[in-house]
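First comes the structure, then the notes that go with it.
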Amino acid sequence: MNIQNAVSDLQSALEAGTGRFVDKTFDWKAFPSNVGFPELERAQMRYIGAGGSPKVGDTTTIKPENFTLSLIYKEPGRYAACHSHEVEESFLILDGALIVGWEKDGEVVEVNLGPKDMILNAREVAHGFRVDGVEPVMMSISVDVGKPLPPVYRYHPKDHPAELARSFGAEPGKTLPFDRNGTHPLQELMAKFVVRHTELPTIWEDAGFTRKIYVGDAPKAVNNDSCRKEMWGVPSRCTLKPFTRKVEDAILCLEGSVEVVWVDDNGNEAVIELGPRDLVRTPAGQAHYIRNNGAGAATLWTVIGQAENDDFAYQAA
């Protein structure tokens, strides 16, 4: 294969692993259980897999392996009925404020999450979410398996009174606030799974960018055995050397712009630039790196298909 063909094939593969925000649409019918219940309305934009939606045949999404990734839009006054999954599911808030409630035996603990805060909903723990603020919520949801089972609903308005469903199953007086020092077992459990952006230490890499580790083996992070999740801050003119993972990773650009570069065994490169809410999923074994040629810093949400830290150090180009 000549160099021109090799570069063309690499570029095509990179573009196939890219999800453009402007090329996608929000699906208001992604969740059949919401049909007929306006208070449950929410829209999904799928990037990797179908997430909690049954629409696994969507050909516009990237095929999942170890995780899915989508955006969810929820308007004020709406909520999601209390349900559980067989696997972990993270909510990263991008805009607005979201109340997430965890339920057990008719008692609920609620936490209010703001922009760049995250909760990793533990497996088999019943949870719901609600927008009580004056602005809509946009969040990134990542389910830590390629094809999750359908959710199991615990308190849905089709089976329970509307007010009970809205409170995630808590009768009056049975809702507790989130408290890291609380002594209720559900408070103690949730405290291990909530991440405040402002509480996370900022790690300055020698390569010239920052990392905040949300899920992984790090102080203040959620220590879990599924996928690693980090937020990167990439200053202007920062360029990394190529690196290769044993698993796939996904980069969702939150702010600014950044270039993702794939490199083949002969040193040929394919390049794509990401703007806000654009994503690239890089498969296992594909050498790649990032660079920021823009005038401002970029913020990236990075999901990695394993819990363990990689056995390499990021290096500046």
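The values are calculated or read from the model by the stated rules, or taken from the named source; none is laboratory data. Keep in mind the model is a prediction, meaning the values are calculated, not measured. We place every Cβ from the backbone using ideal geometry, glycine too, and count neighbours over all the protein chains shown.
For P76, the requirement of being in contact with a helix residue (DSSP H, G or I) (Cβ under 7 Å, 6 or more places away or on another chain), surrounded by fewer than 23 Cβ atoms within 10 Å (Cβ to Cβ) and outside any strand (DSSP E or B) is not met.
Within the option set Q11, Q4, being free of Cβ contacts under 8 Å to residues at least 24 places away in the same chain, part of a helix (DSSP H, G or I) and surrounded by fewer than 18 Cβ atoms within 10 Å (Cβ to Cβ) holds for one residue only, Q4. None of D58, D117 is in contact (Cβ under 8 Å) with a residue 12 or more places away in the chain and crowded, with 19+ Cβ neighbours inside 10 Å except D117.
Number of residues in segment 14-58 that are under 22 Å from L252 (Cα atoms) and either assigned to a helix (DSSP H, G or I) or in contact with a His (Cβ under 9 Å, 6 or more places away or on another chain) (or both): the value is 7. Inclusion of K241 among residues that are crowded, with 21+ Cβ neighbours inside 10 Å, at pLDDT 95 or above and closer than 20 Å to I290 by Cβ is not warranted. Comparison of V271, V260 shows that the only residue that is within 19 Å of S8 (Cα to Cα), in contact with an Asp or Glu (Cβ under 9 Å, 6 or more places away or on another chain) and surrounded by fewer than 19 Cβ atoms within 10 Å (Cβ to Cβ) is V271. Cβ-Cβ below 8 Å, separation at least six or inter-chain, first residue in segment 14-33 and over 27 Å from P150 (Cα atoms), second of a type in the set (G, A, S) and crowded, with 17+ Cβ neighbours inside 10 Å: which pairs? Partner pairs satisfying both residue conditions: L14/A270.
The requirement of being polar (S, T, N, Q) and free of Cβ contacts under 8 Å to residues at least 40 places away in the same chain is not satisfied by N224. Residues of segment 133-157 that are loosely packed, with under 13 Cβ neighbours inside 10 Å and either in contact with a Phe, Trp or Tyr (Cβ under 8 Å, 6 or more places away or on another chain) or under 21 Å from F193 (Cβ atoms) (or both): L149, V152.
Screening segment 30-44 for residues that are in contact with a Gly (Cβ under 9 Å, 6 or more places away or on another chain) and buried (at least 18 other Cβ atoms within 10 Å of the Cβ) and picking the one that is nearest to Y73 (Cα to Cα) gives Q44. May I ask you to list the residues in segment 287-317 that are buried (at least 20 other Cβ atoms within 10 Å of the Cβ) and assigned to a loop (DSSP other than H, G, I, E, B)? N292, G305, listed by residue number. A single member of G182, G208 is modelled with pLDDT of 95 or more, outside any strand (DSSP E or B) and outside the structural domain of M45 (by TED's automatic domain parsing), and it is G208. With the structure loaded, tell me whether G146 is in contact with an Asp or Glu (Cβ under 7 Å, 6 or more places away or on another chain), in contact (Cβ under 8 Å) with a residue 40 or more places away in the chain and farther than 30 Å from N181 by Cα or whether it fails that test. The answer is yes for G146.
All of (1) more than 23 Å from A297 (Cβ to Cβ); (2) among the charged types (D, E, K, R); (3) not in a loop (DSSP other than H, G, I, E, B) hold for K246 with one exception: (3). Report yes if P136 is under 21 Å from the mean Cα position of the chain (by Cα), at pLDDT below 95 and not assigned by TED's automatic domain parsing to the domain that holds R277, otherwise no. Taking the combined requirement at face value, the residue does not satisfy it. When the residues of segment 256-286 are narrowed to those that are in a strand (DSSP E or B) and acidic (D, E), which ends up farthest from the chain's Cα centre (by Cα)? Taking the candidates together, the pick is E269. The set of residues from segment 158-191 being surrounded by 19 or more Cβ atoms within 10 Å (Cβ to Cβ) and under 18 Å from S84 (Cβ atoms) comprises A165, R166, S167, F168, G169, A170, L186, M190.
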